[in-house]
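Here, each number is a calculation from the coordinates, and none is a lab measurement. For clarity, every value in this text was computed on a predicted model and none was experimentally measured. Quick reminder, even Gly has a Cβ in these numbers, built from the backbone with ideal geometry, and neighbours come from all protein chains shown.
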Amino acid sequence: MNQNPPLPYPQVRVAGSANERGRAYGAWLGDRLSRFLEVELFQWMKTEHGLEREEMNRFAETCIPYIQSQTPCTWQFLEGLSAVSGMSLLDLGVILTHEEYYHGKPLSHHCTGFAVGPRETTDGQTYIGQTWDWMYCMIPHRHLLHQTTTDGLRIFTYAFPGLWASAGMNSQGVALVWTGAAYELSLKQGAKPRAGVPSYALIAEILEQTSFAAAVDCAMRTHHAGWFLFLLAGKNGELARIDGSPVAKGCRRPPSIVASHWIYTDPEVRRLAHGEPVGTELPANPRYDRMCKLLLSQSGELTRAKLFALQADHAHGEAPAAICCHSPGADAGTMEAFLFSPSLNQAWFTPGPPCQNQPQQFIV
């Protein structure tokens, strides 16, 4: 239930089995799905990065068997989406591998995430959130998806056409935000994703889980394709940070506070992904450092208002450390910020830039 004026993007509600939900979602999207594939994947990658659709198709084809065998709910949703849209499973697989294609491309803006447990907040609730930093050309495509499964599980996600679970929370108190990871590794070493479950497909499967433990297990056991930093929070205050790369994956369970911004902090993941000895100093990351500093400086005193302010932070004009990123004429920046509380079953979305707009509340 939206308790404020409408957000600047649409919402859609679907219900039933995963296949039925995929069909309903495809009917709602109509030809926007095929246009998204053609313009934002094939045309953009060709123009900006010289990547041919044949190469994208080949990689997606290697990922399809993993999606089918390891993420069954995602696969059933995908089958329904394909049946209604008329797009092949391979076409939809190309969309789902969006993050893996973009990995290693020079991007100036990256999302910043955090999670805090009940001991950190004045109301004793758990919160998890992030800024979503991306290309502004994606703004017309964003929407919110409300799903209800046959078992009554409600799943609320931030979405783009064919990327129906970009981040979100479910009614059993499982919440997930994330950022890309180790972009400098791909740029410097030419690292490539592997055949596996794409990040967006894995997120969709994680949010189908009915407990925090099952969500973490799903993330850890799945043979994933690329690079990511997942932050998960549960209704009882559980937190997890999962660092993933094509050659390593690690899970840490911080007691009450965690942040993320493209750098791996798990030493074993860094060792295997980067070829660095354990104990190697982390690369400079002013935004990650500032997020940690802001959270720690207000430990035990965090309110929702302070968390919203954190997402709108400009670091006193020091651009590299600013959480909220935007500038005149830029083609990318902070599109919005969102905050989930798995302990309250509530979510807040602040259309970007968050420093200029007010959060709006949703019941999950």
Residues whose built amide H sits under 5 Å from the amide H of Leu163, excluding neighbours closer than 5 in sequence, are none
Sort the stretch 16-102 into rounded, prolate or oblate with this rule: let a ≥ b ≥ c be the square roots of the eigenvalues of the Cα gyration tensor; rounded if a/c is under 1.5, and if a/c is not under 1.5, prolate when a/b is larger than b/c, oblate otherwise.
oblate
Where does the chain land at 222 nm, in deg cm²/dmol rounded to the nearest 500, when only DSSP H runs of n ≥ 4 count, each adding -39500 (n - 2.57), divided by all residues?
-9500 deg cm²/dmol
Going by how many other beta carbons lie within 10 Å of each one, how would you line up Ile257, Ile206, Ile155, fewest first?
Ile257, Ile155, Ile206
Quick one: if you take sqrt(5λ) for each eigenvalue of the C-alpha gyration tensor of the stretch 265-364, what semi-axes come out, biggest first, whole angstrom?
28, 19, 14
In whole angstrom, and with the biggest value first, how far do the Cα coordinates of the chain range along each principal axis?
52, 47, 42
Please tell me the relative contact order of the stretch 112-363 in percent, rounded to the nearest whole number, where contacts are Cα pairs under 8 Å and at least six residues apart.
24 percent
Any idea what the dipole of the chain comes to, in debye rounded to 20, about its Cα centre with Lys/Arg Cβ at +1 and Asp/Glu Cβ at -1?
420 debye
Full-stretch length increase - Lys192, His314 - with 0.36 nm per residue and alpha-carbon distance subtracted
40.6 nm
Within the chain, what's the longest stretch lacking GluC sites (Glu not before Pro) that sit in DSSP loops with no more than 12 other Cβ atoms inside 10 Å?
53-280
Give the long-range amide H neighbours of Cys111: residues separated by 5 or more places, or on another chain, with amide H under 5 Å away, using H modelled in the peptide plane at 1.01 Å from N.
Asp133, Gly180
